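First comes the structure, then the notes that go with it.
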Amino acid sequence: PKPDREYLIDGLIPKPSLGIFYGHPGSLKTMVLLDAALSVASGMAWLGSRPGGEGGYTKKVKKAGVLWIDQDSGADELERRIAAISIAKGLDEHESLFEHICFPMPAFMADSKQSIEDLADYINTKGFEWVIIDCLVNVSGSGDENNSQMADTMNGLRRLTQLTGASVTAIHHSSKDNSRNLRGHSSINSALDYAVSVEREEDSDNITLYATKSRMAPIDTTELYFAYDPRPDKPKELLTATFYNDPSAI
């Protein structure tokens, strides 16, 4: 008999696994994953009620090393988001097992055997258990997301999970038809253990995580509330940011 399946976030991120969080522009998919990643890296339960609130629930986490590979936002924007979430959670950077790499050189390409093996060596050396890639299209190498070459990219990411035992999660986009379909070739969805659509209500801070695929245990639909404070001197920039599962958070 196989042992019980391990989860980095209870009921959401199995280990090992290959998954995708995806959504339309402005859905806050990157922020949602950053918030979850920093919870895992610090061993802090994810979601729950805002201080003084009621009615929310938490998802248990396993404290584990998280590697964030950014080939999309750039260091300045990513680090501002990390700072806002860390301040909201009261995290000590010296106690967190979170590391980010922005636009590594040479660039990470998932369809490259050498790229996969080099990254696997780094993951195994540092002991990371969750690897998050932002975003899928920017690590696809020579493949076009709309043709069958994406199978090489997805096979590379699957191989990464096999070489490391880590969970690998990529950020991707929804199709342009306002549906819950993944953008791109069918080989993307076929390769996944799970896919989670990140959906934001128009003109709202209400977010829904809706699983469109799960090879393993079913993934419950999760309602999130984005809570944030702007900088007093620059109201368009975030001072703090986090997510709750508590209506009193907004």
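The values are calculated or read from the model by the stated rules, or taken from the named source; none is laboratory data. Please read all numbers here as calculations on a predicted model, not as lab measurements. Here the Cβ is made from the backbone with ideal geometry for all residues, glycine too, and neighbour counts use every protein chain on show. These area figures cover heavy atoms from the full protein model, side chains too; ligands, DNA and RNA do not enter into them. Shrake-Rupley method; radii C 1.70, N 1.55, O 1.52, S 1.80 Å.
Specify the inter-centroid distance of the stretch 87-115 and the stretch 1-26, based on alpha-carbon positions, in whole Å. Rounded to whole Å, the Cα centres lie 18 Å apart.
So if the hydrodynamic radius of the stretch 1-71 is defined as the Kirkwood radius over C-alpha pairs, what does Stokes-Einstein give as its diffusion coefficient at 20 °C and 1.002 mPa s, in µm² per second? Walk me through the intermediate numbers first.
Numbers: Rh = 13.7 Å.
Roughly 156 µm²/s, to the nearest whole number.
Over the stretch 128-250, what portion of Cα pair distances is larger than 23 Å, expressed as a whole percent? For the stretch 128-250, the fraction of Cα-Cα distances above 23 Å is 44 percent. In this Cβ point-charge picture (+1 for Lys and Arg, -1 for Asp and Glu), the stretch 127-250 has a dipole of about 480 debye about its Cα centre.
Heavy atoms only, 1.4 Å probe, whole protein assembly: order Ile132, Ile101, Ile82 by accessible area, highest first.
Details: Ile132 0, Ile101 50, Ile82 25 Å².
The residues order as Ile101, Ile82, Ile132, largest area first.
Extension gain, Tyr57 to Thr125, is 21.0 nm, computed as 0.36 nm per intervening residue step minus the present C-alpha separation.
Would you mind calculating the gained length between Asp118 and Asp4 on full extension (0.36 nm times residue separation, minus the Cα-Cα distance), in nm to one decimal? Intermediate results must be reported in sequence, preceding the final value.
On the way: separation 114, 0.36 × 114 = 41.04 nm, distance 3.00 nm.
Here the answer is 38.0 nm.
In terms of the mean number of neighbouring beta-carbon atoms within 10 Å, the peptides 56-64, 88-96 order highest first as 56-64, 88-96. As a length-normalised measure over Cα pairs under 8 Å and 6 or more apart, the relative contact order of the stretch 99-250 settles at 15 percent. Largest first, the extents of the alpha carbon coordinates of the chain on the three principal axes equal 49, 46, 42 Å. Taking 0.36 nm per residue of separation and subtracting the Cα-Cα distance, full extension of the segment from Leu239 to Glu77 would add 57.0 nm. What a 1.4 Å probe finds exposed on the chain is 48% carbon and sulfur by accessible area, rounded to a whole percent. Measure nothing fancy, just the Cα-based angle from helix 150-164's long axis to the longest principal axis of the chain, in degrees from 0 to 90, nearest 10. The helix 150-164 is inclined about 80 degrees to the chain.
Would you mind working out the accessible area per residue for the stretch 93-218, using a 1.4 Å probe, and quoting it in Å²? All intermediate terms of the calculation are to be shown ahead of the outcome.
Details: 6130 Å² over 126 residues.
Ligands and nucleic acids excluded, the figure is 49 Å² per residue.
Taking the C-alpha atoms only, the angle from helix 29-42 to the longest principal axis of the chain is near 80 degrees. As a test question: what accessible area, to the nearest 10 Å², does Glu77 have when a 1.4 Å probe is rolled over all protein chains in place? Per-residue accessible area (Glu77): approximately 80 Å².
Using R0 = 22 Å, the C-beta based FRET efficiency linking Glu223 and Asn181 works out to 0.50.
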